[in-house]
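Novice: One structure follows; several queries about it will come next.
The values are calculated or read from the model by the stated rules, or taken from the named source; none is laboratory data. Since we're looking at a predicted model, the values are computed, not measured. Every residue, glycine among them, receives a Cβ derived from its backbone with ideal geometry; neighbour counts consider all protein chains shown.
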Amino acid sequence: MAKKGFPGMGGMGGMNMNKMLKQAQKMQEEMERAQKELEAKEVEASVGGGAVTVKVNGKKEVVAITIKEEVVDPDDIEMLQDLVMSAVNEALRNIDDLQASQMSRLTGGMNIPGLF
């Protein structure tokens, strides 16, 4: 019985392993670059016909909130709170969608848990 070892280990298989490692390293570098690009991006969400607008960056930090004066009603604080909450949640969904789109381009559509 000839000793062939395990497929993919040593011999010509070692070349495939090296190639795979180089591809994985390249993908990791591309993902790190994409992460930095995403962190620099900002998305905006507006609710209530533009009454409340929220801007969020790629780090999922709220960087700006704009509230139109006409929606500030001291007798209806709950409505303003709801508008702000809705705008923040929509902005966060928008940044999540942007991140998912970016990752899909990098991974060729494969869903890899834990990336971003």
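Novice: How many residues, within the stretch 25-80, are within 16 Å of the chain's Cα centre (by Cα), loosely packed, with under 12 Cβ neighbours inside 10 Å and of a type in the set (Gly, Ala, Ser)?
Specialist: The total comes to 1.
Novice: Moving to a separate point now. Take the stretch 6-54 and flag every residue that is at pLDDT 85 or above and hydrophobic (A, V, I, L, M, F, W, C).
Specialist: Within the stretch 6-54, Met17, Met20, Leu21, Leu38, Ala40, Val43, Ala45, Val47, Ala51, Val52, Val54 qualify.
Novice: From the residues in the stretch 81-114 that are within 14 Å of the chain's Cα centre (by Cα) and polar (S, T, N, Q), which one is modelled with the highest pLDDT?
Specialist: Out of the qualifying residues, it is Asn94.
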